[in-house]
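Accompanying notes for the structure given below.
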Amino acid sequence: MTNQIKKVGVIGAGTMGAGIAGQVANAGVEVWLLDLPSEGENVNSLAAKGLERLKDPDMPGLMSKEAVSYTHLTLPTNREV
């Protein structure tokens, strides 16, 4: 019996978390990136910054346009930290 990883959640969109999410996406696995809710209108801004770092061509991150399609942001629903 073999198991296949179909989806991965990465908690923390800093340098390490974003890098892990990028490598998972490069392997063709769907990945969801989550970070603490931010203040202001965009509660997902920290995770969004991590995702933008991955898409930056000057940074080692996503290796193909196909890998971009595997990356998603989760919306934090619990604002009590």
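Return the residues of segment 8-57 that are of a type outside the set (Gly, Ala, Ser), in contact with a strand residue (DSSP E or B) (Cβ under 8 Å, 6 or more places away or on another chain) and outside any helix (DSSP H, G or I); say none if nothing qualifies.
If we filter segment 8-57 for residues that are of a type outside the set (Gly, Ala, Ser), which is where we start, we get 8, 10-11, 15-16, 20, 23-24, 26, 29-37, 39, 41-44, 46, 49, 51-57.
Applying the additional criterion that residues be in contact with a strand residue (DSSP E or B) (Cβ under 8 Å, 6 or more places away or on another chain) yields 8, 10-11, 20, 24, 29-35, 44, 51, 54.
Answer for segment 8-57, where residues must be of a type outside the set (Gly, Ala, Ser), in contact with a strand residue (DSSP E or B) (Cβ under 8 Å, 6 or more places away or on another chain) and outside any helix (DSSP H, G or I): Val8, Val10, Ile11, Val29, Glu30, Val31, Trp32, Leu33, Leu34, Asp35, Asn44.
Which pairs turn up if I take residues in segment 3-28 that are in contact (Cβ under 8 Å) with a residue 12 or more places away in the chain and look for partners that are of a type in the set (Ser, Thr, Tyr) with beta carbon separation below 7 Å, at least 6 apart in sequence or on another chain?
Hits for this filter: Ala21/Thr71; Ala25/Tyr70; Ala25/Thr71; Gly28/Tyr70.
Just so you know, all these numbers are worked out from the coordinates, no wet-lab data involved. Predicted model only: the values in this text are computed from it and were never measured. All Cβ positions, even for glycine, are placed from backbone atoms using ideal geometry, and neighbour counts span all protein chains on display.
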